[in-house]
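Scroll down for the structure; my scribbles are underneath it.
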Amino acid sequence: MKHLIKLHRHGPKNNNPEAHQTGVEALLDPEKIPEIKKYALNQLNRDELAGLAYNTDTTSIEIETTPIDRSKATGEIVYNTLINYYTGLDEIYWPALKITKNPRINELIGSAGINPKTGEAVNLGPRAMSNIWGEAKKHEDYKHLQGENKPLYAWCRQGFDNTQANNQSDPGISLREIACRIGTYVYNKFTQTEGNQNDRILTLALGHSGDIEPFLYLCLEMQAGRDGKDPEAMTKWFKETGGALEPLKGIEILKEKLGLELHYHKTPHNTYLSPIGLEIFQQQAQWFKEYGKSKEVLEQKLRL
């Protein structure tokens, strides 16, 4: 079975610093919705779906999002675009394509929990980290790019085990825990998804800048045999991987017979491929199981 997970940032958003607030409030930029639709159609034309026509093996597309509105909205646009396009075709050309009905929410894709009473997203990061991001965002220059480089770099300077985390007066999880949440998501996907030997699965996991990059950096640290304790680890990988993600861009992890491959960008136009072991994600999942504070932090935040 061939399974490709794309951890991509959501569609273009309103970049007004006042709209950012705690990180869950900013919505999509309505003028950029055509870009999301174009992105959706590109998923049907990529190499991983080549050879689908007249193929009796199943190719499945599933869309999952965080509980944050701009991620959910991106997922809905992608899903509706794919469904409308697919139903407009003669199914003889796409006989084995299955699109999972409706996007699903999976909070492990990022750093937001879910209020069990309202269903609303709750930022599990400390308020102090939101303030650092928001202050740096005021100095960001958005011209032809929308990557949030200054806010992300400000976070990277705090390190994976940022001191703002695990503060009783300002509850929040660390950047390491954000990374290990996503690592748990990837590990669960690869170990719990069932299919036939020749099936192909494409998982679109639509997340956020500030979540996906720390996960990438921790993976690269662990590949190098390090644990990320070096205070310069995150800033090092920020520089070596081209900074913050643009909307609808991200990293991709491919699992097939020969093993796993991690695809990421060192520059906007240069994709780097690196073999990666499943044990990296397994170790991240184990760390999250043993040391994660997400559940505790959510309960604390709901009491505030």
Modelled FRET efficiency - R0 45 Å, residue 272 with residue 98, Cβ distances, 0.05 increments:
0.90
Please order 264, 272, 291, 79 by the number of other Cβ within 10 Å, starting at the fewest.
291, 272, 79, 264
Long-range amide H partners of residue 125 with built H, under 5 Å:
173
Expressed as a rounded percentage, what relative contact order does the chain have, with Cα pairs under 8 Å and six or more residues apart?
27
Where the centre of each part is set by its Cα atoms, how far does the range 230-251 sit from the range 254-304, in angstrom?
14
For a label point 7 Å from the Cα of residue 14 along Cα→C-beta, name the residues of the range 60-80 whose backbone N is under 19 Å from it.
67-77
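Filter 13/295; 13/37; 13/137 down to the pairs with a C-alpha to C-alpha distance above 21 Å, please.
Details: 13/295 28 Å; 13/37 15 Å; 13/137 13 Å.
Violating the 21 Å Cα-Cα cut-off are 13/295.
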So I have (i) 30; (ii) 36; (iii) 24, and one of them is percent of Cα pairs over 32 Å apart calculated from this model. Which one is it?
(iii)
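What is the calculated FRET efficiency for residue 118 to residue 42, with r their C-beta to C-beta distance and R₀ = 51 Å, to the nearest 0.05?
Values: r = 35 Å, r/R0 = 0.68.
According to the calculation, E is roughly 0.90.
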What 222 nm value per residue comes from the helices of the chain, counting each DSSP H run with n ≥ 4 as -39,500 (n - 2.57) and dividing by all residues, nearest 500 deg cm²/dmol?
-11500 deg cm²/dmol
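Per-residue counts of other Cβ atoms within 10 Å, averaged by peptide: what ranking do you get for 223-234, 241-252, highest first? Before the final figure, lay out the partial values.
Details: 223-234: 14.2, 241-252: 21.9.
By packing density, highest mean first, the sequence is 241-252, 223-234.
Taking 0.36 nm per intervening residue step and subtracting the Cα-Cα distance, what contour gain separates residue 193 from residue 263 on full extension? Walk me through the numbers on the way to the answer.
Details: separation 70, 0.36 × 70 = 25.20 nm, distance 2.06 nm.
My answer for the length gained is 23.1 nm.
Indicate the gyration tensor shape class of the range 108-173 (rounded, prolate or oblate), computed on the Cα atoms with a ≥ b ≥ c the square roots of the eigenvalues: a/c under 1.5 is rounded; otherwise a/b larger than b/c is prolate and the rest oblate. Don't skip to the end; give the middle numbers.
Numbers: a/c = 2.33, a/b = 1.42, b/c = 1.64.
The shape class here is oblate.
A short reminder: the numbers here are calculations on the coordinates, not readings from a lab. These figures come from a predicted structure and were not determined experimentally. Cβ atoms come from the backbone with ideal geometry, glycine included; neighbour counts cover every protein chain shown.
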